[in-house]
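Novice: Please find one structure pasted underneath; my questions will follow.
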Amino acid sequence: MAENLETIISVIAETEKAFFYRLSNAATRDDLEEIRIEYLSRKGKVQSLFSLIGKVDGADRPKIGAELNRVKKAVQDAIDEKQKSFQRTGKAIEFFDPTLPGRTVSVGSLHPLMQVMDEVKQIFVGMGFRIEEGDEIETDYHNFEALNIPKHHPSRDMQDTFYLSDEYVLRTHTSPVQIHTMEDQKPPIRMIAPGRCFRKDTPDATHSPTFHQVEGLCVDRGVSFADLKGVVLAFAQKLFGKDVKVRFRPSFFPFTEPSAEYDFSCIFCKGQGCRVCKDTGWLEISGAGMVDPAVFGFVDYNADVYSGYAFGMGIERIAMLKYQVNDIRIFYENDLRFLKQF
Amino acid sequence: MKVTLNWLKEFVDFSLSATQVADALTMAGLEVEEVYTLERNFSRVVVGKIVKSQKHPDADHLSLCQVDVGGNILPIVCGAPNAYEGLKAPLALDGSVLLNDLKVETRKIRGFESQGMLCSEAELGLSERSEQLMELAADAEVGKELGQYLGEPDSVFDINVTPNRPDCLSVIGIAREIAAMTGSSLKKPELNIAAIPDAIEKYMTVDIQAEERCFRYSGRYLRDITIKPAPFWMALRLHAVGIRSINNVVDVTNYVMMEVGQPLHAFDYRLLEGKKVIVRTAEAGERFTTLDGQEHELDQDSLLICDGVKPVALAGVMGGLNSEVQPDTNTIFLESAYFEPTNIRRTAKRLDLSTESSRRFERGIDPNGTIYAMNRAASLIVDLAGGHVVGDAIDNYPQKVTPVEIDLSVHQSNVWLGVSLKKEQIAEILSSIELSVEQKNGDTLRAIVPTFRPDLTRPIDLVEEIARLYGYDNVEPNVAPRINQLQEANPRVLFRDSVRQTVSGMGFRETCNLSLIHKKFGHEFLPQKAGFVELLNPLSEDLSVFRPNMIISLLTSVAYNRNRQMHDMRLFEIGNVAWKEDGQSVKTEKTQIAGILAGHRQGNAWYGKAKEFDFYDIKGVVEGLLAKIGIEKFEQESAHDVFWDAESSKVIVDGKSCGAFGKITDDVLTLFKIKTNDLFAFYFDFDKLFENRRKEKIYNPVPRFPSVPFDLALLIDVNVSAGSLEKEIWKSGGENLVDVHLFDYYKGEQVEAGKKSVAFSLTFSSKERTLSDDEIENVIDQILAHLSGQFGAQLRDR
Ligand SMILES: [Zn+2]
């Protein structure tokens, strides 16, 4: 007599359910192999279910056959799938959480002022300037006198100086490096002097007793004021983009003649006038000029043969514009929350 | 230097607005820092006429006035001394608002009603004169709004005059620039002095005893004058340019100084003894009281103006208290001189007494302008104070200054500027600022420079004038590069930047600290026997010496951040440090790099508990940095200074100390108010690293034959350092030993007391062949024998 169809269907379902329970507990590759043999080998639990086909009515056999094939495939697929989850160690992966934070790697950074300095250096090195360095403690001679700033001259009032003695000062600009370079080398000279300078300015939003400058010098036959304008223009456009215009205004420095203050067109309003440029459309940057022949006298260059230009810039000023920092003192506080932003 | 628009217009005709003038001056090198209109801080103030004035019955200082305001007569109570009948003065009506929001209302004053207030200039914000009612002209229209009566308010330019332009410390100097810019010409009025004929020697003679300091001394004698307040127009202008009104005579001297740039001084003639002026240098220690009441001790460098008996003025700087013009005088002696600039500057600097007068003398006034200025002042005094000029001008001029002549090559000028101006253009430009130009043959121009331009002495000085007036904007920039000037890179700079990249790559943040510190932070860091590089004139104690070590800067940054609840950090900085060696006044300046580890290497995390930094963290950084720059090995030696003796080490390369690292001592941390003791730092003499760096990189072939690892665990005395063991392994390891790596270090129960276990992983490799087991065994035996001999080391397991 034929077994009840429903009974057979339920036997198949229970076998399948038992399989999945076993599978979920398989922790190693060996466990899995055991389960595979138990269910899929020739005498395994799935294979033995096929013998039940003969026990049902002919009309129901295709139905049972189809169900058994589905279960066999499901078991096979589940074992294959589980197999992939084992690593080379043979251990199964538990729940893996890729959203846990990664192990911290300490990240360093360069100081924003030094980053600006590096950028300025790169621009001038690209234009063929050599970088020269010098001491921060200088002689009065190199900081002033050789730059045509005699003792007891009103132009000394232009820079408030820290004195160490009658002979030594903290350099008020990097210009003494130019003097040292000219003392050591003959023209042509094409150099920049980046570095730290000091002025006796009480700290406020725009003054710091320590600050950084990059100054440039070029000496050769036939160097002209037009060359100076060219190099400053090229620098401005490398730093702030092709649209920047440069304006030169007459000024006075004892070591240059003609002397100029130079401005960049405002990078914020494109020269239209805004709060930063005080509605002038221009940002004051720094000073420049043709090297005064008197300076050549101090370094034994023949002023009838050679001419030269010199220019300077304040790194803090540029960094304040570039990063929109409105208080120079922030650069020297070294607050980690500030440093992390660069 | 301040100057007003209306004042300028007296000397040059132009139609530019104040803003246009400001822009033009700035582009000509006279930077206008500010331009503003004089404010009128009042409303409902009219021209009033006092028609009746009588004393208050109970208060002597008050007057009861009847004031005509055009149709109405108002009762006004007034406390001013000059509230006399017939005076026209500003009257603030009921409801008006004056300077500082002072509200004027009808009220009773000492029992009498006052329907307004008669005003002084100060109450209206027009000048600082507050003692008297403002006196209006006799023809002022009664009842007219005061604002209307005064006309358009003047504009003030605040100009930053550079030290090379003493001529522009005057209204005329700036007017001359405007004339040159606008193509008009300067109007300088001729002066006619109607002096009473008399022999001036009867009243005054001048004896210059210091001719090298006083090139010229001119003077005039005036009598029958009356000292009183200066007229409103003069007080207003002086106020606008920042000078206090004193009285008519003193105001004239200041007014003319502002106008033409020549400092003048008026002496009360009655107080000059002996009818003579002597110009001499002071005696050392001589004392003199200037008219500000300050007594000064002078030296032999200072120049004095004396009468027949005593000093009466500190030449070029300030007059004396003993000869100041008194309110009751009717005779004055007017001085107009040229003093040598450097001398005046030295004196003003030494006495810290910078005045409008000294500022002009030290920059250099026009030695040929003394007479003009003096006559201008004399005629103004006669206008404002009455009286007469008596006799001729005194003019003692021993050191005559003549105009400089400069020959300029047109070609050279064009080369310097990079332009191609014609000879005629250049001549025209130079003429516009009152240089007389002769066109010489060929390429050359000769310019004769007036003596009010002491800054023009050389051809290049003329080139600047040409560039300035031609317009810097009109010079086309030349961007063609100069290939002949390309330079090789500076290796020290490249090295410095690569070291910064390396250290920041190790997780350090670069800081930027001030170089100046308080002494108290520096003592511990000074090299032995060294002293501080100290400022003579510091801003404050906190910034008074140069830092002697970069670790100071890093500790400052750590302290700053710790105060703001930030605990863990890695910081580094490269910078200059300095000190004075023992007994040496010359400084030693060095570049240092320093790094610091503070707090935790890692905070609490899901993968592990927080771990504080320790000595081996800073050592790892040092080793990494040195390896990166090509210093593979260094010797260690205990370092003292700022580190704990035990947890410290010098870094010795080729027998020379390059720097040190270790744990910062509690004493130092306390100084910086850092409360934890988990700070480790290193510092290096940057140039020692630079000298010892690997200069060239040359390929070293990698071994073709397999390398053989061998682990060696040794039992040794606790006191034997790992470093000395490693050194001896290298010594005895033969040529095929290529790596020694310490991988285990143990003290404790597993080994006998007084001993420790140290395990090394050795690697052997040959360039020529595969090494045999026997060969390795032999070398190991050799090493063991050596270590046993040196340290009594035993093999723990093989
Ligand atoms: Zn702008």
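Novice: I'd like the GluC sites (Glu not before Pro) in the range A:41-128 restricted to DSSP loop residues with at most 14 other Cβ atoms within 10 Å, sorted by number. Each step should come with its number before you reach the end.
Specialist: Working: sites: A:GLU67, A:GLU81, A:GLU94, A:GLU119; in loops: A:GLU94.
Here the GluC sites (Glu not before Pro) that fit, given the DSSP loop and packing criteria, are A:GLU94.
Novice: Right, another one. Which angle between 0 and 90 degrees, to the nearest 10, do you get for helix B:550-562 versus the longest principal axis of chain B when only C-alpha atoms count?
Specialist: 80
Novice: Cross-link candidates for B:LYS697: which lysines have Cα within less than 18 Å, leaving aside residues fewer than 8 places away along the same chain?
Specialist: Excluding near neighbours in sequence, the set is B:LYS628, B:LYS633.
Novice: If you don't mind, another one. How much accessible area per residue does the protein assembly as shown have, counting only protein heavy atoms and a probe of 1.4 Å, in square angstrom?
Specialist: Details: 52100 Å² over 1140 residues.
Heavy-atom SASA per residue in the protein assembly as shown reads 46 Å².
Novice: If I compute solvent accessible area with a 1.4 Å probe over the protein chains, what percent of it on the protein assembly as shown is carbon and sulfur?
Specialist: Values: 24810 of 52100 Å².
Its accessible area is 48 percent carbon and sulfur atoms.
Novice: For B:ASN82, what is the net charge nearby, where nearby means another residue's Cβ is under 13 Å from its Cβ and Lys, Arg count +1, Asp, Glu -1?
Specialist: On the way: positive: B:LYS88, B:ARG129, B:LYS228; negative: B:GLU85, B:GLU121, B:GLU131, B:GLU135.
Taking every other residue near B:ASN82 into account, the sum is -1.
Novice: Which Cys residues of chain A have no other Cys beta carbon under 4.7 Å away?
Specialist: Isolated Cys, chain A: A:CYS197, A:CYS218.
Novice: Residues in the range B:747-784 near a label at B:ASN719, defined as backbone nitrogen under 14 Å from the 7 Å Cα→Cβ point?
Specialist: Correct set: B:754-756.
Novice: Quick one: if you stick a label point 7 Å off each Cα along the C-beta vector at A:SER165 and B:SER498, how many nm between them?
Specialist: About 3.8 nm, to one decimal.
Novice: Please identify the chymotrypsin sites (Phe, Trp or Tyr not before Pro) of the range A:37-135 that satisfy two criteria: DSSP loop assignment and at most 12 other Cβ atoms within 10 Å. Which are they?
Specialist: On the way: sites: A:TYR39, A:PHE50, A:PHE86, A:PHE95, A:PHE96, A:PHE124, A:PHE129; in loops: A:PHE95, A:PHE96, A:PHE129.
Within the range A:37-135, the qualifying chymotrypsin sites (Phe, Trp or Tyr not before Pro) (loop, at most 12 other Cβ atoms within 10 Å) are A:PHE95, A:PHE96.
Novice: Any idea of A:HIS152's accessible area? Nearest 10 Å², probe 1.4 Å.
Specialist: 90
Novice: At a Cα cut-off below 28 Å, give the lysines reachable from B:LYS103, other chains included and same-chain residues fewer than 8 away excluded.
Specialist: B:LYS49, B:LYS52, B:LYS55, B:LYS88, B:LYS144
Novice: Sticking with this one: Place a +1 charge on the Cβ of each Lys and Arg in chain B and a -1 charge on the Cβ of each Asp and Glu, then give the dipole magnitude about the Cα centre in debye, rounded to the nearest 20.
Specialist: I would put it at about 600 debye.
Novice: Another question, then. Could you tell me the total accessible area buried at the A-B interface, probe 1.4 Å, in square angstrom to the nearest hundred? Mind dumping the intermediate values first?
Specialist: Details: alone 19750 and 39940 Å², together 52100 Å².
What A and B bury together is about 7600 Å².
Novice: Just report the Cα centroid separation between the range A:184-258 and the range B:457-526, whole Å.
Specialist: 8
Novice: Using a loss threshold of 20 Å², tell me which positions in the range B:560-603 are less accessible in the complex than in their chain alone. Probe radius 1.4 Å, ligands and nucleic acids ignored.
Specialist: SASA drop of 20 Å² or more in the range B:560-603: B:TYR560, B:ASN561, B:ARG564, B:MET566, B:ARG570, B:ASN576, B:VAL586, B:LYS587, B:GLU589.
Novice: Here is a follow-up. Which of the lysines could a cross-linker span from B:LYS423 if the Cα-Cα distance has to be under 21 Å and same-chain partners fewer than 8 positions apart are dropped?
Specialist: B:LYS440
Novice: Related question: Applying a 10 Å radius around every beta-carbon, put B:696-708, B:131-143 in order of their mean neighbour count, most first. Can you show the working numbers first?
Specialist: Numbers: B:696-708: 9.0, B:131-143: 16.0.
Result, highest mean first: B:131-143, B:696-708.
Novice: Filter the chymotrypsin sites (Phe, Trp or Tyr not before Pro) in the range B:529-618 to those in DSSP coil with at most 14 other Cβ atoms within 10 Å of their Cβ, and list the result. The partial results should precede the final answer.
Specialist: Working: sites: B:PHE532, B:PHE546, B:TYR560, B:PHE572, B:TRP579, B:TRP606, B:TYR607, B:PHE613, B:PHE615, B:TYR616; in loops: B:PHE532, B:TRP606, B:TYR607, B:PHE613.
For chymotrypsin sites (Phe, Trp or Tyr not before Pro) across the range B:529-618 that sit outside H, G, I, E and B with at most 14 neighbouring Cβ atoms in 10 Å, the list reads B:TRP606, B:TYR607.
Novice: Hey, another quick one. Using a 10 Å cut-off around each Cβ of peptide A:129-141, what is the average number of partner chain Cβ atoms that fall inside?
Specialist: Numbers: counts 3, 7, 8, 4, 6, 1, 6, 9, 9, 1, 0, 0, 0.
Mean number of neighbouring Cβ atoms from other chains: 4.
Novice: Would you calculate, for chain B, the mean residue ellipticity at 222 nm contributed by helices, counting each DSSP H stretch of 4 or more residues as -39,500 (n - 2.57) and dividing by all residues, to the nearest 500? Could you put the intermediate results ahead of the total?
Specialist: On the way: 19 runs with 203 residues, N = 798.
Value at 222 nm, helices only: -7500 deg cm²/dmol.
Novice: If I fit a long axis through the Cα atoms of helix B:423-432 and take the longest principal axis of the Cα atoms of chain B, what angle between them do I get, 0 to 90°, rounded to 10?
Specialist: On a 0 to 90 degree scale, this one is about 60.
Novice: Please average, across the residues of B:456-469, the number of beta carbons from any other chain that are within 10 Å of each residue's own beta carbon, and give a whole number.
Specialist: On the way: counts 0, 0, 5, 1, 10, 4, 0, 4, 11, 2, 1, 9, 6, 1.
Mean shielding by partner chains, rounded to a whole number: 4.
Novice: Could you pull out the pairs from B:LYS650/B:LYS731; B:LYS519/B:LYS587; A:LYS121/A:LYS322 whose alpha carbons sit more than 18 Å apart here? Don't skip to the answer; put the middle values down first.
Specialist: Numbers: B:LYS650/B:LYS731 22 Å; B:LYS519/B:LYS587 16 Å; A:LYS121/A:LYS322 16 Å.
Pairs exceeding the cut-off: B:LYS650/B:LYS731.
Novice: Quantify how much of the Cα-Cα distance distribution of chain B extends past 51 Å, in percent. Present the calculation step by step, with values, prior to reporting the outcome.
Specialist: Details: 153529 of 318003 pairs.
Tail of P(r) above 51 Å: 48 percent of Cα pairs.
Novice: Averaged over A:198-206, how many beta carbons belonging to a partner chain fall within 10 Å of each residue's beta carbon?
Specialist: Across the residues of A:198-206, the mean count of other-chain Cβ atoms within 10 Å is 2.
Novice: Here is a further query. Could you give the angle, 0 to 90 degrees to the nearest 10, between helix B:171-182's Cα long axis and the longest principal axis of the Cα atoms of chain B?
Specialist: 80
The values are calculated or read from the model by the stated rules, or taken from the named source; none is laboratory data. All values derive from a computational prediction rather than experimental measurement. Here the Cβ is made from the backbone with ideal geometry for all residues, glycine too, and neighbour counts use every protein chain on show. Each accessible area value is taken on the protein alone, full model and side chains, heavy atoms only, with ligands, DNA and RNA left out. Shrake-Rupley method; radii C 1.70, N 1.55, O 1.52, S 1.80 Å.
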